[in-house]
Amino acid sequence: MLAVFGVRTSSALLGSWTVSRVRFLHSLSGMTVAQIDEEVAKLLELKAKLGGDDGKHQFVLKTPKGTRDYNPKQMAIREKVFSTIIHCFKRHGAETIDTPVFELKETLTGKYGEDSKLIYDLKDQGGELLSLRYDLTVPFARYLAMNKITNIKRYHIAKVYRRDNPAMTRGRYREFYQCDFDIAGQYDAMIPDAECLKIVYEILRELDLGDFRIKVNDRRILDGMFAVCGVPDDKFRTICSTVDKLDKMPWEDVKKEMVNEKGLSEAAADQIGTYVSMQGGMDLAERLLQDPKMSQSKQACAGLTDIKLLFSYLQIFQITDKVVFDLSLARGLDYYTGVIYEALLTQAGVAPVVEAQNGAPGSTEESVSVGSVAGGGRYDGLVGMFDPKGRKVPCVGVSIGIERIFSIMEQKAEACAEKVRTTEVQVMVASAQKNLLEERLKLVTELWNAGIKAEVMYKKNPKLLSQLQHCEESGIPLVAILGEQELKDGVVKLRVVANREEVDISRGDLVEEIKRRTS
């Protein structure tokens, strides 16, 4: 009876599986890629529930949507990028901290504008409502308020989580790393802000990703612009979020959203359109200070004065060839209060930005953006939101878009068939004859104890050819070869893998010789 019942159950499920496949195939037309992926995931789950005829559970071997595994080659590229970024942060005097991967839900709520819907909420675990962190900035502000810290220059590299529709080919994920650098404290205007831009410039130059441009603006200029264009006060943030889409949508679509969805008048939208098309440098800030409308806003004038000061420092830092004052830059996060900036890579082969009068970038040909790789700005009020007495700690910082950088670096490595070493082994301890396992283990121990990165094959009597081939495949530069004669003479035969040159080195001098050849 049980066997019959099992067969019937299996047949019913199998029928359900078949019907689902037919319905799925029938519904493919007119679906987006994201919808198709979602349907495929559902089918895979259904297939897993069916299991095999032996009744064993069949696992769906896939990573969750918006996440990925990293193989050794990808991790080697990752570590190189992290090393470059951390070296830059430390060069500018930063120290590091860490915070929990999840926070109290109320800590994160109301800090991200329309993006708050992307926060991952966790199930109630014993009375606390928790959410996975959305970025590293809000936890940093909470950390400052909780520990009553009023000045610090810190970097933080960790994973964050967003319930977004991922575009993994362009480096957009639901789980991803952020690399943040922030300066907290009361300092003279625009000096820390200029250093943050200098850091972005240095990192992008050192990583050699291609041509780039750093856009800067100021939230006070945006708010002043909205006011003089007739945007009601209660619509500032929502209109700002719409302007922030100009890097993804043409102006016509942005205007349509302002008017049809956000209820802004067409006249106000047209005035905003005039301003957000403006780009320049210190000269544009000077022109806008004389603008009949913008000059009416104290907020805008304060922002424009700071932009002028910022560009004077950027000239001293010698980076104005890559920085442009762009009134379309909005950055939708609610916590920004002053200068904001974003770095974008531009396609290879497009004319680079050239230095214009007063350090203002200009170009006879529009550069084509291939994606944001860094962003940040000033957020002077965020720490005060967490402090019981509302004490403010002025902050400015930048976040490096590390996942997009990884994607670009991986593509570059594949395109040029670059051989990426996945280990740092300096020398392989090998033997030319049998029964020398213990001697090999003694020598590799000596090397490890001296701080040399070395390895040995896990076989009693490996063939010499196999050991040499392993070195060539893994990129190990040196081989320390032991044989009966070498042991009698107290030497080691050191072989250079690249040119197959061999030289006898006394056992006592081996460590120094390996260090000299691999330094």
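Extending 7 Å from Cα along the Cβ direction at K442 and again at V259 yields two label points whose distance is 8.8 nm.
Think of it as helices only: each DSSP H run of n ≥ 4 in the chain is worth -39500 (n - 2.57), and spread over all residues that comes to -13000 deg cm²/dmol at 222 nm.
Here T32 and V420 are evaluated by their C-beta separation; at R0 = 25 Å the FRET efficiency comes out at 0.10.
With a simple spin-label model that places each label point 7 Å from the Cα along the Cα-to-Cβ direction, the separation between D69 and V40 comes to 1.7 nm. Using a probe of 1.4 Å, the accessible surface attributed to K493 totals some 50 Å² when neighbouring protein chains are kept in position.
Computed across the chain, the Kirkwood hydrodynamic radius from all distinct Cα-Cα pairs reaches 27.6 Å. Report the charge-dipole magnitude of the chain in Debye, nearest 20, computed about the Cα centre from +1 at each Lys and Arg Cβ and -1 at each Asp and Glu Cβ. Computed about the Cα centre, the dipole is about 1340 debye.
Projection of the Cα convex hull of the range 189-326, averaged over all directions and equal to a quarter of that hull's surface, yields 8.7 nm². Inter-part distance, the range 101-125 to the range 276-306, computed on C-alpha centroids, equals 36 Å. Taken about its Cα centre, the range 450-507 carries a charge dipole of about 200 debye when Lys and Arg each add +1 at the Cβ and Asp and Glu each add -1 at the Cβ. By the gyration tensor of its Cα atoms, with a ≥ b ≥ c the square roots of the eigenvalues, what is the shape of the range 167-259: rounded for a/c under 1.5, prolate for a/b over b/c, or oblate? Judged from the Cα gyration tensor, the range 167-259 comes out oblate (a/c at least 1.5, b/c at or above a/b). Partner lysines whose Cα lies under 20 Å from the Cα of K248, excluding those fewer than 8 positions away in the same chain, are identified as K117, K215, K256, K262.
Over the chain, Cα pairs under 8 Å with separation of 6+ residues give a relative contact order of 13 percent. Solvent-accessible surface of the chain, averaged per residue with a 1.4 angstrom probe and all protein chains in place: 52 square angstrom.
Taking amide H atoms as placed 1.01 Å from N in the peptide plane, the amide H of V339 lies under 5 Å from those of R219, R378, each 5 or more residues away in sequence or on another chain.
Descending by average beta-carbon neighbour count within 10 Å, the peptides 212-222, 298-308, 147-157 line up as 212-222, 298-308, 147-157, the highest first. When the convex hull of its Cα atoms is viewed from all sides, the range 88-231 shows a mean projected area of 11.9 nm². For the set K293/K322; K73/K515; K434/K488, the pairs lying more than 20 angstrom apart at their alpha carbons are K293/K322; K73/K515. Share of carbon and sulfur in the accessible area of the range 193-273 stands at 46%, probe radius 1.4 Å. A probe of 1.4 angstrom, applied to the heavy atoms of all protein chains, finds T445 with accessible area near 60 square angstrom. Counted over the range 245-353 with a bin width of 5 Å, the fraction of Cα pairs per bin, in whole percents, is 2, 9, 17, 21, 21, 17, 8, 4, 1, 0.
The values are calculated or read from the model by the stated rules, or taken from the named source; none is laboratory data. None of the values given here were measured: they were computed from a predicted structure. When we count neighbours, we look across all protein chains shown, and the Cβ atoms used for this are built from the backbone with ideal geometry, even at glycine. Ligands, DNA and RNA are stripped out before the accessible areas are found, and what is left, the full protein with its side chains, is counted by its heavy atoms. Shrake-Rupley method; radii C 1.70, N 1.55, O 1.52, S 1.80 Å.
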